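The next block holds one structure in the form of structure tokens; read it before the comments.
The values are calculated or read from the model by the stated rules, or taken from the named source; none is laboratory data. No experiment lies behind these values; they were computed from the predicted model shown. All Cβ positions, glycine included, derive from the backbone under ideal geometry; neighbour counts span all protein chains shown.
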Amino acid sequence: MLRLGITGGIGSGKSTASKILEKEGAYIFNADVEAKRLLNENPQVQNELLAEFGTDIMGPGNSIDRKKLARIAFQDSDHQSRLNIVIHPFVFDDIDSAFRKVEKINSHSVFVVDGAMIFESGFDQHLDYVIIVTAQIKIRLSRAMERGKLNRDEIMRRMDLQWSEDEKIGMADFVVYNEGGKEELKTQITSIYKQLV
């Protein structure tokens, strides 16, 4: 079974690209969703984050407040790195576990890891190919702001903390420029998928 990574910065459209791959028959492991699940449900992750960042990240009900954690973790590259050092090993273990299960069932020919930080985390070393979905910053910013979850400053701060698009494009096996509509994105993604399978 082929291991394929799909990555891209905030507002790039990588999640839409993943949905297209899923419709084509790929198994999708969403690393960003998994990281949030671990944050909410895994006591070991929670304890390590408390040890790293202190009680400032706690919310009501004695649980970690994701917004408070994000405010602290995304203030600079040092804090983001400390967050990633805690969470990434757990996410990697879950990816490996999911891969083994899917491989055993033998129902998919492609296993896709959808993650914003595939290169930053070094996980690209465990994949056969990586697709980067990219677009001009003004397009990505507009898309991210449409979601309404983060304000402009928060989006720009997160963009600044990620590796530059040029760096990631240089490392990727396939580059998808997502500056048109969904049909154009679908054409590019399905073309890559057909090359691989």
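Quick look at the numbers
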| item | result |
| --- | --- |
| Meets criteria (in contact with a Ser or Thr (Cβ under 8 Å, 6 or more places away or on another chain), under 25 Å from SER107 (Cβ atoms), assigned to a helix (DSSP H, G or I) and not acidic (Asp, Glu)) for ILE20 | yes |
| Test result for GLU120, free of Cβ contacts under 8 Å to residues at least 60 places away in the same chain, crowded, with 16+ Cβ neighbours inside 10 Å, assigned to a helix (DSSP H, G or I) and of a type outside the set (A, V, I, L, M, F, W, C) | yes |
| For LEU150: the one exception among (1) in a helix (DSSP H, G or I); (2) surrounded by 14 or more Cβ atoms within 10 Å (Cβ to Cβ); (3) of a type outside the set (Val, Ile, Thr) | (1) |
| The range 41-64, residues that are in contact (Cβ under 8 Å) with a residue 24 or more places away in the chain and not in a loop (DSSP other than H, G, I, E, B) | GLN44, VAL45, GLU48, LEU49, GLU52, PHE53, ILE64 |
| Candidate set: the range 43-71, residues that are at pLDDT 90 or above and under 19 Å from the mean Cα position of the chain (by Cα); chosen: the one farthest from LYS149 (Cα to Cα) | VAL45 |
| Subset tally (residues that are farther than 29 Å from LEU49 by Cα and of a type in the set (D, E, K, R)) for the range 82-136 | 3 |
| Residue within the range 103-112 that is within 29 Å of ILE189 (Cα to Cα), of a type in the set (Val, Ile, Thr) and surrounded by fewer than 14 Cβ atoms within 10 Å (Cβ to Cβ) present | yes |
